[in-house]
Structure formats: C-alpha cells, structure tokens
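Notes follow once the structure below has been shown.
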Amino acid sequence: MSILAGLDRIYRRTGATLPFGDPLPSHGAEMEGYFWRVTDVARRRVVVVLCGVNRHPDGDWATVALATHPGGFVRSEVLPNANSSTSELLVSAGDGAFSATATEVHLDLGTDARADLSISQPVPWSRALGGGGVFSLVPFLGQYWHPHLLGGHAHGTAFTNADAWTFDNADVYAEKNWGAGFPERWWWGQAQGFDRPDVCVAFSGGVLTAGPLSASVGGVVVRIGEQTIRLAPPLSIVRSVTDGKRWEVRARGIGHRVRIIGTATHDAHVLPVPLPAERRNVDTDFEQLAGHLTLEVSGRTCYRGETDLAGLEVGYRPSLSQPVAQAAVIGTGAQGSSAVPRMKRS
C-alpha cells in the first residue's frame, strides 16, 4: 500500500472523504447505510430496499427492509454476518439473504418478501465533494449523507405477499449514509417521475453532531439533465420545515435557488431504525412512498415540475419525547411545529 493510500484509509476512518474520493466503500463507521428507491412511473409503483451494516463487538449485523407502494407493504429483519467492503460497493448479510453491488441488489426474506434489482445506464454523482459538500471533509461527524445515483434504469422483480411485480426501465435512485447511527431527528425527501425523466431531486436534514456540539443542518441535490446542483452549508442557506404532513425546503446558493413543497397523500410506511450498540431495530422512521412534490429551480438553470411519486420522511431516535422530526430553519436558527404522522405497517 502506498503512503498516499494509507493516509486516505486513515482519513476515511474518521468518516470523512477526500475530494474526488469514493464515499461508497465502508468507512468502518458504527453504521453504514445503503438505500435504493425504484420509481415505476408507467405503473405508478414504488419499491424501496435498504440495508444498514451495524458494527458490534459480538459480530456485525444488518438492518434490512423491503417496502412497496401501493399496498402499504413493509417487511424488515435483523440479519447476522453483515459485511461492507472497504474497497468497493459490496455489501452482504444473512448468509445470502442480502447482497448488493454498484449494479445489482438482491433481498430474500422469504417467498413473500423478495426483490431482485439490476441497474443499467446509471447516472452517478459527478461532483468533487460528496452530497454533504464541505461537511464531507469534516472528520468525526455523527452522520454523513451521499446521494450517489441520481438516475438510471432499474430492471427486476419484487414479490410482496401475493403480489408479484416486474419492472423494466424504471427510474432508480440510491444513496448512502454513515456515522455513529441515526441523528436525534431527521427529515428527508426524494423524487423522480417528473415530466422530464432526467430530473431527480433529493434533500435531507437532521441534527448533526461533532463531539459535544450539535446543529440542525440540511442539504439539497437536484439533477436536471447533465447538470447536478448541490446546495449545502456553509456555502448555501438551506431552510427546512416539516410537521410530518407537509415538507417545505428553500435553498439559496451561488447561481441557484430551489424551492420544494412536499405533501403527504397516504398513510406513512414505518421503516426500521437500527440501534447498533443494542443489536436491534426500532420503528421510528415514517416515510411516504408516494407523496406529492413540487420542485422549482431558478437562477442559472430554471425548471418547474411536480410528481405524485415522491418519498417524504421524518424520523427520530426513541430517546426523544417528540415522535416526529422537528421543523428547522437551516442557517438562520430553528422554528416550526411537530405532529404525529399517519402510519401504516403491514
């Protein structure tokens, strides 16, 4: 191993990633989370597959889940023998129950909860820094976020209860998050299915910690054609507010302004949140798999569109008394309200 490669590996163990580095291999964090979302516009269907590799002295374990819309299906499990490669996107768990690479995802939780996904013509992340912008360079943060796949074609099948779904050339999105575990509270959204197939948007926010310090931080990523717009502090101002039924994000940076309005239109799916040190999951993540979202981009690039197949999410760690992500205004303080979201779990 060269000296440069050795220094890069040491730096990655802090959770941070150097410019032009690849955030997808494992950083060796307490939790390495991987998430895929397929939007089949023609059939008005959505499938979500997730896997979190969690470190533990008694053996690494995984949080896995499959969720689909319509129908409100969710199946989650705790799987043993989890592994995430430090050299590439290569994840496995449960002795064959879950495996993933940059182009394939396979999940088998029984005959009534299976998904097989392959990805062609991927649209990968194209910026020097990760989705968190400057924060991608900061060591020892509690959480990092990187939307690494902003489009492409998804092919495969999903089996949920008695429902079998085959998809071909569906839209696909994927991201990774890693760190000490999920933050105290967070909010998130992602959408495709606009009037243009080359449009993708994602946003995230939460309480970011670094030792004894904490702050509410958020970011927005928009892909329009061949252009990727990232708006994140400290170079941009990102203001987010949500009550679990409505999400509003306003972001302003050099050359661009983005406004996002998301609205819950169905009961929320309840997804698992890992507690790495306790080797168990808790049901404190509430996600709309097909909400309504409007996107407005102005400045150097202009676009306005809407979709009713948006993912919209709030979540919290169970130690908090409020069962939903608190609203926050990023960059200028905090404000807003909270409410209990509508929930549905199969």
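Over all pairs of different C-alpha atoms, the chain has a mean inverse distance whose reciprocal, the Kirkwood radius, equals 19.9 Å. A straight chain from Leu18 to Arg127 at 0.36 nm per residue would run longer than the Cα-Cα distance by 38.0 nm.
What is region 33-76 by shape, rounded, prolate or oblate, if you read a ≥ b ≥ c off the alpha carbon gyration tensor as root eigenvalues and call it rounded for a/c under 1.5, prolate for a/b larger than b/c, and oblate otherwise? Oblate, because a/c is 1.5 or more while a/b does not exceed b/c. Placing a label point 7 Å from the Cα of Ala215 along the Cα-to-Cβ direction, none of the residues of region 243-271 has a backbone N under 12 Å of that point. The charge dipole of region 124-256, taken about its Cα centre with unit charges on the Cβ atoms of Lys, Arg (+1), Asp and Glu (-1) only, comes to about 520 debye. Solvent-accessible area per residue in the chain equals 41 Å², computed with a 1.4 angstrom probe and all protein chains kept. Surface composition of the chain: carbon plus sulfur atoms hold 53% of the accessible area, using a 1.4 angstrom probe and ignoring ligands, DNA and RNA.
With an a/c value of 1.5 or above and a/b not larger than b/c for the gyration tensor axes a ≥ b ≥ c computed over the alpha-carbon atoms, region 107-176 is described as oblate. Summing +1 for each Lys or Arg and -1 for each Asp or Glu among the other residues whose beta-carbon sits under 11 angstrom from that of Asp195 gives 0.
Approximating the spin labels as points 7 Å out from Cα along Cα→Cβ, the Arg279-to-Asp95 distance works out to 1.6 nm. Using a Förster radius of 30 Å, what is the FRET efficiency between Ser118 and Asn81 based on their Cβ-Cβ separation? Nearest 0.05, please. Computed FRET efficiency for Ser118 and Asn81 comes out at 0.80. Within the listed set Trp178, Trp186, Trp165, the residue fluctuating most in the Gaussian network model of the chain (springs between alpha-carbon atoms under 10 angstrom) is Trp165. Taking the charge dipole of the chain about its Cα centre, with +1 at Lys and Arg Cβ atoms and -1 at Asp and Glu Cβ atoms, the residue from Leu235, Gly305, Thr39 reaching farthest to the positive side is Leu235. Modelled spin labels at Leu235 and Asp267, positioned 7 Å past Cα toward Cβ, are 4.4 nm from each other.
A Cβ-based charge dipole, computed about the Cα centre of the chain with Lys and Arg at +1 and Asp and Glu at -1, lands at about 1120 debye. Summing charges over neighbours of Ala67, with a neighbour being any other residue whose Cβ is under 9 Å away from its Cβ, gives 0 when K and R count +1 and D and E count -1. Taking a Cβ cut-off of under 9 Å around Val258, the surrounding Lys, Arg, Asp and Glu residues balance to a net charge of +3, with basic ones at +1 and acidic ones at -1.
The values are calculated or read from the model by the stated rules, or taken from the named source; none is laboratory data. From a predicted model like this one, the values you see are computed outputs, not experimental measurements. Cβ sites come from the backbone with ideal geometry, for glycine too, and all protein chains shown count toward neighbours. With ligands, DNA and RNA removed, areas are computed over all heavy atoms of the protein, side chains included. Shrake-Rupley method; radii C 1.70, N 1.55, O 1.52, S 1.80 Å.
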